[in-house]
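Notes follow once the structure below has been shown.
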Amino acid sequence: MEKKKSWTKSKLGAFWIKKTKDDRQYLSGVIDIQLPDGSVKKVALAIYKNDFKQGNNPDFNAYQIEVL
């Protein structure tokens, strides 16, 4: 049971699988960023697979889609 509590405390957000108009999958979700003053800012993100990956480039790229 202790493990579940630590996972709950360290959760930053959640993502859902969605599809573009041309049927490509991506993740869409929101993360909570804790600011130095203790307040929390919600940031909406979309995460897409990097179809142009070469060498040490990332497998996925995250983009801010709106400020909440």
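The values are calculated or read from the model by the stated rules, or taken from the named source; none is laboratory data. Model, not experiment: these values are computed from the prediction. Positions of Cβ are generated from backbone atoms using ideal geometry, with glycine treated the same way; all protein chains shown enter the neighbour counts. Heavy atoms of the whole protein, side chains included, go into the accessibility calculation; ligands, DNA and RNA do not. Shrake-Rupley method; radii C 1.70, N 1.55, O 1.52, S 1.80 Å.
Once you've got the Cα coordinates, tell me which of Lys21/Lys41; Lys5/Lys49; Lys5/Lys42 are over 24 Å apart. Numbers along the way, then the final one.
Working: Lys21/Lys41 30 Å; Lys5/Lys49 31 Å; Lys5/Lys42 22 Å.
From the list (Lys21/Lys41; Lys5/Lys49; Lys5/Lys42), the Cα-Cα distance tops 24 Å for Lys21/Lys41; Lys5/Lys49.
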Amide H neighbours of Gly13 under 5 Å, at least 5 residues apart or on other chains, H built in the peptide plane: list them. Asp32
Taking springs between alpha-carbon atoms closer than 10 angstrom, which of Lys53, Lys21, Lys42 fluctuates most in the Gaussian network model of the chain? Lys21
Residues of the range 35-52 with the amide nitrogen closer than 14 Å to a label point 7 Å from the Cα of Asp22, along Cα-to-Cβ, please. 49-52
Taking every pair of alpha-carbon atoms in the chain, what share in percent sits in each 5 Å bin, from 0 to the bin with the longest distance? 4, 14, 17, 19, 17, 15, 9, 5, 1
Roughly how many debye, to the nearest 20, is the charge dipole of the chain about its Cα centre, given +1 on each Lys and Arg Cβ, -1 on each Asp and Glu Cβ, and no other charges? 300
Could you work out which residue, out of Gln54, Gln34, Gln25, moves most in a Gaussian network model of the chain, that is, has the largest mean-square fluctuation with Cα springs under 10 Å? Gln54
Among Asn56, Phe15, Leu45, the residue whose Cα sits farthest towards the positive end of the charge dipole of the chain, when +1 is placed on the Cβ of each Lys and Arg and -1 on the Cβ of each Asp and Glu, is Phe15
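Mind checking the per residue accessible area of the chain for me, 1.4 Å probe, whole number of Å²?
90
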GNM on the chain, Cα springs under 10 Å; top mean-square fluctuation among Lys11, Lys41, Lys49 goes to Lys11
